[in-house]
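A.B. asks: Before we start, here is the structure in question, set down as C-alpha cells.
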Amino acid sequence: MEVSVSRRVFRTRAPLALALGAALAAPQALTAPVAAAGRYSVTALKFTVQAGGRSCTVDADLYRPAGVDSAHRAPAVLATNGFGGSKSENSTAGIGKAFASRGYVSLIYSGLGFGNSGCLISLDDPGIDGTAASRLIDFLGGKRAADDGTRADFVTLDGTGDPRVGMVGGSYGGAIQLATAAVDHRVDALVPLNTWNNLAYALDPNNADGTVPGAFKWQWTNGFYLMGERQLLAQPNLDPSRINSLTCLHFVTKVCATIRALNSGSYRAGPTAELLAYLHSVSPASYLNRVEAPTLLVQGQVDSLFNLNEATATYRTLKAQGTPAKMIWQSWGHSGGVTDPADGELNLIQGDLDRSYVGRRILSWFDRYLRRQHTDTGPAVAYYRDWITDPGHRYATADRLPALGRTLYLSGDGKLVDNSTKVARGSRTYANRLTPTSHSESSLAAIAGVQDPAPFDTEGTYLGWTGEPLTRTVDVVGAPRATLRVVSPQAARSRHSDNAADRLVLFAKLYDIAPDGTKTLVHRLVAPVRVPDVTRSFTVTLPGIVHRYQKGHRLQFVIAASDDAYFGNRGIKRVTVVSAPGDAGVLELPVLGG
C-alpha cells in the first residue's frame, strides 16, 4: 500500500569498477519532462564545512537544469562517489547529468578524503560525513552560500531552509545517504545501492553469532584500505599532521587501528570488543532508528562484500519502525553480475534508466517523494532471476520477504535427505591444514583484472551432504539456514580462552551439481562462522541467494575448514559431525512454493 506523500515535520530525531563508483551514469538520450530539451549548466563549487571537529573543503559540481530559477523551482538530488572515486568519475558525474536532464537540480560532490575534498576518510560516519552532507543541504535550502558566494535560490522548498531533496548512489555512496538522513531529517527520499548494514559483519563476518568475532575478510578489507592510502600526498585530503605517519595517511585513526587489529589475527576480548563497537558505530545498524526518509534499497545478488543479508537487515529495521521502505535484489554487485541494459539490468556506467527495471523504479521513487506525483513505486520486494530468458520478465515481485519453507537433514552417510527418518547413523571427520585449502572468490583477482580460479575444496578438509537428483525445478529465494552440532576436542579446550581467535572457524556454503558432475558455488558466496561454543549446537544464516536448481540437478551443502579470502583457524582442529535418526543437522531453504 502506498504511503501518504504529505510532508512530515520531524522535531526529533558491478563488477568491481561499477561498485566502487556505484552511481547513475550519464544517459545521452533521456527525455526531460521539465528541463528544456534536457539542457543544463554545470558549475564547480567549493564548500568549507565543519565536520568532526575539523574544517573540511568539499569539492562539488552543481547541475542546474535550463529554465529552473527562483520563479520556477525544482527538487534536488544530492550524491557522492563510491569508495576510491570522486565527483568526476563517469558513474558519479552521471547522476548529475541523468537527473539534471530530467529537471532535477543535482549537487554532486567528492566525499571527504576523496578527489579534491579535504579531511580524512571516516567510513561514512554520521557525525562527520553525514554532518558534511547536511551542510550541503543547507546550501540547497538557501541557508548558506558556496565559498564563492553562489546561492541556490531555485530549489523547491518545503519550509524555510528546507529543500526537497533526495539522495542516490552506491556502495560508499549508499551508506552516506542513511548517515545523512540520520542527522538531517530534511532529506525526503533515499536510494542506497549495494551498501552495508553493519561493517562489523561485512568485514569480519560471523554468520552464527554476531556477538563473537568472525573470520576477517582480508582481501576486500585490505584492498579498500590500500585504495584509500595510495592517493597522492599532494591532495588536499591529506591532513598536515599525517605527513610523517606513513602507516595512516588518509584515514581517521580509528580506521587504521581497526585494520591493524584485524590483520593481527588476534581477538583479545577487550580490544576486539572496542574495534567491533567502532565498526558498528559507523554503520546504519547503529543509527537506523533515526532514519525516517522513504528508502528504496537496491542490493546485488553477486556480492561477497555486502551480500543480500545486509540490505535485508536494513529493510526489516526500517519497516519495523514505520519508515517507508522497499527493496530490490538486482543482479550485479561488487563481485560481478549482469549489467547490460539489453538484458533489462541497470548499468551505472551507461545509464539509460528507462530500459532497466531498477532504473524505472528509481525514477518512480523520486517522482513520488520529490515531485509529489501519485506514482506507483512498485512492490515491496523484487528480485532478478537469471534463469529467465526474456529481459522484460526477469524480475519477480512479492509483498513480503520470502520465508523458510523446506527442511533437509544431514545424514551420516553424506546424503541430504528430506525426512528425518531417512537419516543414516554415522560420523564423518575433516581437519584444516596450516594453509587455506578452499577457494570461493578472490577480490584481489577482480582488482587486478585477472581470471579468478573456479571455487574448489580439498579432499579431507571439508564435508559435503548431497541430495538426490531433483524431480522438478526448485527456486531458492532468500537466506538459507543450517543448524549444526560438531565435535572438536581441540576447539573445546580453547572455548574459554579470552582470545576468540582460538575458537573453531568453518565455512558453510551451497553448491549446485549438474548431471554431468559440474559443481557451481552459488554466486561464489560463503558463510564464515566462528563457533561460539563448540559444545553446543549453533545456527548459521547463509548469504541470501536467488537461484534455480534445475530438474536433474543436485543440491549440496558443504562445511569447509578454510577459505583463502578469509583468516581461518589457528592450529590444526579436527571436526567430526555425528548424525542419527532424530539427531541430525538441519538445512532450511526459502523455497518458492514450499
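A.B. asks: Identify the residue in the stretch 25-54 that is at pLDDT 95 or above and of a type in the set (S, T, Y) and, among all such residues, is farthest from T253 (Cα to Cα).
C.D. replies: Y40
A.B. asks: Could you check G94 against (1) in contact with a Ser or Thr (Cβ under 9 Å, 6 or more places away or on another chain); (2) under 19 Å from G166 (Cβ atoms); (3) small (G, A, S); (4) modelled with pLDDT of 50 or more and say which number it fails?
C.D. replies: Only one criterion in (1) in contact with a Ser or Thr (Cβ under 9 Å, 6 or more places away or on another chain); (2) under 19 Å from G166 (Cβ atoms); (3) small (G, A, S); (4) modelled with pLDDT of 50 or more is unmet by G94, namely (1).
A.B. asks: Now, a different point. Filter the strands (runs of 3 or more DSSP E) completely within the stretch 534-594 down to those with at least 3 residues that are of a type outside the set (S, T, Y).
C.D. replies: Qualifying strands (runs of 3 or more DSSP E): 545-549, 554-560, 574-579, 586-589.
A.B. asks: Return yes or no: is L363 among the aliphatic types (A, V, I, L, M) and under 24 Å from the mean Cα position of the chain (by Cα)?
C.D. replies: yes
A.B. asks: What is the residue count in the stretch 134-143 for residues that are more than 32 Å from the chain's Cα centre (by Cα) and crowded, with 18+ Cβ neighbours inside 10 Å?
C.D. replies: 1
A.B. asks: Would you please list the contacts, defined by Cβ atoms under 7 Å and residues six or more apart or on different chains, that run from a residue in the stretch 303-325 that is in a strand (DSSP E or B) to a residue that is of a type outside the set (K, R)?
C.D. replies: The qualifying pairs are A325/T295; A325/L297; A325/Y315; A325/L318.
A.B. asks: Now, a different point. Give the residues of the stretch 473-504 that are of a type in the set (G, A, S) and out of contact with any Lys or Arg (no Cβ under 8 Å at 6 or more places or on another chain), sorted by residue number.
C.D. replies: G478, A479, A482, A492
A.B. asks: Taking into account only those residues within the stretch 328-356 that are aliphatic (A, V, I, L, M) and within 20 Å of A79 (Cβ to Cβ), which is modelled with the highest pLDDT?
C.D. replies: Here the answer is I328.
A.B. asks: Okay, next question. Does any residue in the stretch 113-142 that is on the phi > 0 side of the Ramachandran plot come within less than 7 Å, Cβ to Cβ, of a residue that is of a type in the set (D, E, K, R) six or more places away or on a different chain, and which pairs are these?
C.D. replies: Matching pairs, first to second residue: G115/D59; G115/K87; C119/R54; G142/R151; G142/D153.
A.B. asks: Within the stretch 143-249, which helices (runs of 4 or more DSSP H) (wholly inside it) include 1 or more residues that are modelled with pLDDT under 95 and acidic (D, E)?
C.D. replies: 218-229
A.B. asks: Also, I was wondering about something else. Could you tell me which of the residues G113, G96 is buried (at least 23 other Cβ atoms within 10 Å of the Cβ) and under 20 Å from A179 (Cβ atoms)?
C.D. replies: G113
A.B. asks: Which members of the stretch 92-114 meet the condition of being part of a loop (DSSP other than H, G, I, E, B) and in contact with a Lys or Arg (Cβ under 6 Å, 6 or more places away or on another chain)?
C.D. replies: Scanning the stretch 92-114 gives a single hit, S110.
A.B. asks: Give the number of residues within the stretch 575-594 that are crowded, with 16+ Cβ neighbours inside 10 Å and not hydrophobic (A, V, I, L, M, F, W, C).
C.D. replies: 4
A.B. asks: Give T247, T272, T253 a once-over and let me know the one that is farther than 24 Å from D399 by Cα, of a type in the set (S, T, N, Q), surrounded by 20 or more Cβ atoms within 10 Å (Cβ to Cβ) and outside the structural domain of A51 (by TED's automatic domain parsing).
C.D. replies: Just one listed residue meets the conditions, T272.
A.B. asks: If you don't mind, another one. Just to be sure, is P453 in contact with a His (Cβ under 9 Å, 6 or more places away or on another chain), over 16 Å from A580 (Cα atoms), surrounded by fewer than 17 Cβ atoms within 10 Å (Cβ to Cβ) and at pLDDT below 95?
C.D. replies: For P453, the condition - in contact with a His (Cβ under 9 Å, 6 or more places away or on another chain), over 16 Å from A580 (Cα atoms), surrounded by fewer than 17 Cβ atoms within 10 Å (Cβ to Cβ) and at pLDDT below 95 - is met.
The values are calculated or read from the model by the stated rules, or taken from the named source; none is laboratory data. Given the structure is predicted, the values throughout are model-derived calculations rather than measurements. Because the Cβ atoms are built from the backbone with ideal geometry, glycine has one as well, and the counts that use them run over all protein chains shown.
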